[in-house]
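The values are calculated or read from the model by the stated rules, or taken from the named source; none is laboratory data. No experiment lies behind these values; they were computed from the predicted model shown. Positions of Cβ are backbone-derived with ideal geometry, glycine not excepted, and every protein chain shown enters the neighbour counts. Note: areas computed on protein heavy atoms with side chains; ligands, DNA, RNA excluded. Shrake-Rupley method; radii C 1.70, N 1.55, O 1.52, S 1.80 Å.
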Amino acid sequence: DPTGSGKFALCTGAGFFMDVLRSGLFESLGSNPPFGNITEVNYGPLSDPAAGAAAALFPLSVNGMRPDFRPPMTFKANFGIQVQIPVDSVLDVNYVTSQTRHNVRRVDINQVSPAMQAANPGININALRPYQGYTSILMYESSASSNYNGLQVGLNRRYQKGLTYGVAYTFSKALDDGSADSTQAENVYNFRAEKSHSDFDRNHILAINYIYELPFWRHGQHFHQKALGGWKLSGINQFQSGPWLTP
């Protein structure tokens with residue numbers, strides 16, 4: 001409170017945070033052969049299912065985790081002002097940022113490059129893979145990143161003269177090259193092309209809440225005063241941008 005008036009305040013904070021990997025991330029590696037195997041038999045009659053054609057066990061698809069895996073790290077910071085304004089209200093204006101590195105995503109290290117596919121039309125893609133004998137080799141790695149920047153504005157009035165309300169508006173942008181630990185890069189040879197709006201990015205969010213005590217017939221002994229007086233109007237409304245769509 002630099003002015004000492006109790007009506008103006010500066011607020012700021014910052015910190016580094018380390019994430020904990022979710023349970024189930026390592027368990028998925030247990031589905032690799034020989035620990036987990038699935039055999040399919042197709043087009044067999046009910047009287048003799050084994051007479052059908054068995055699906056090939058090879059080439060295999062396996063999961064893995066990078067040996068240089070690092071836990072995700074986030075830097076968060078905010079700076080804002082809080083001002084008491086007329087009509088018994090308080091105005092908040094804040095800038096908020098969140099920068100995350102070493103986010104988790106899945107990468108197919110056995111992916112055939114687009115250039116290789118274009119140069120070998122009509123050839124089985126498994127014959128072009130870097131690691132022969134396997135189809136996809138999906139590796140969990142901590143190579144993704146994300147950033148959030150937002151302007152958050154709030155206007156609040158405590159209950160005075162039968163009216164209280166709150167208005168919160170956020171204008172923000174969230175960008176990343178992997179929105180979840182299950183996100184798989186479309187082209188592992190060009191991570192820069194993965195960067196775009198996050199799956200959960202909503203650029204505009206407006207939330208309004210209010211309670212208004214109707215000013216008439218608050219007191220009285222007549223029937224219409226008791227029946228129609230003392231009522232309140234209240235509501236919570238939220239408006240926001242829709243989700244982003246891919247082509």
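Listed by first and then second residue, the pairs linking a residue in the range 197-225 that is under 16 Å from Leu163 (Cα atoms) and hydroxyl-bearing (Ser, Thr, Tyr) to a residue that is open to solvent by 80 Å² or more (accessible area, probe 1.4 Å) and in a strand (DSSP E or B), with Cβ atoms under 6 Å apart and 6 or more places separating them unless they lie on different chains, are Tyr212/Leu233.
Residue by residue, here is whether (1) exposed (fewer than 11 other Cβ atoms within 10 Å of the Cβ); (2) modelled with pLDDT under 90; (3) β-branched (Val, Ile, Thr) holds:
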residue	(1), (2), (3)
Gln184	no, yes, no
Phe216	yes, yes, no
Phe239	yes, no, no
Thr246	yes, yes, yes
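Against the numbered list (1) modelled with pLDDT of 90 or more; (2) surrounded by fewer than 17 Cβ atoms within 10 Å (Cβ to Cβ), Pro114 comes up short only at (1).
Inclusion of Val188 among residues that are touching a strand residue (DSSP E or B) at 6+ places or on another chain (Cβ under 7 Å), in contact (Cβ under 8 Å) with a residue 24 or more places away in the chain and assigned to a strand (DSSP E or B) is not warranted.
A Cβ distance below 9 Å, combined with a sequence gap of six or more or placement on separate chains, defines the contacts here; from the range 113-125, residues that are within 17 Å of Asn190 (Cβ to Cβ) reach residues that are open to solvent by 80 Å² or more (accessible area, probe 1.4 Å) in the pairs Ser113/Tyr189; Pro114/Tyr189; Ala115/Tyr189; Gln117/Ile123.
Filtering Gly178, Gly230 for residues that are open to solvent by 40 Å² or more (accessible area, probe 1.4 Å) and either touching a residue at least 12 places away in the same chain (Cβ under 8 Å) or over 24 Å from the mean Cα position of the chain (by Cα) (or both) leaves a single hit, Gly230.
Check whether at least one residue in the range 92-108 is outside any strand (DSSP E or B) and in contact (Cβ under 8 Å) with a residue 40 or more places away in the chain, and report yes or no. Scanning the range 92-108, I find no residue that is outside any strand (DSSP E or B) and in contact (Cβ under 8 Å) with a residue 40 or more places away in the chain, so the answer is no.
Against the test of being at pLDDT 85 or above, more than 30 Å from Asn156 (Cα to Cα), of a type in the set (D, E, K, R) and surrounded by 17 or more Cβ atoms within 10 Å (Cβ to Cβ), the options Arg70, Arg105, Arg66 yield a single qualifying residue, Arg105.
Among residues of the range 151-174 that are aromatic (Phe, Trp, Tyr), those with a beta-carbon under 7 Å from a residue that is surrounded by fewer than 16 Cβ atoms within 10 Å (Cβ to Cβ) and outside any strand (DSSP E or B) at least six positions away or on a different chain give the pairs Phe171/Asn203.
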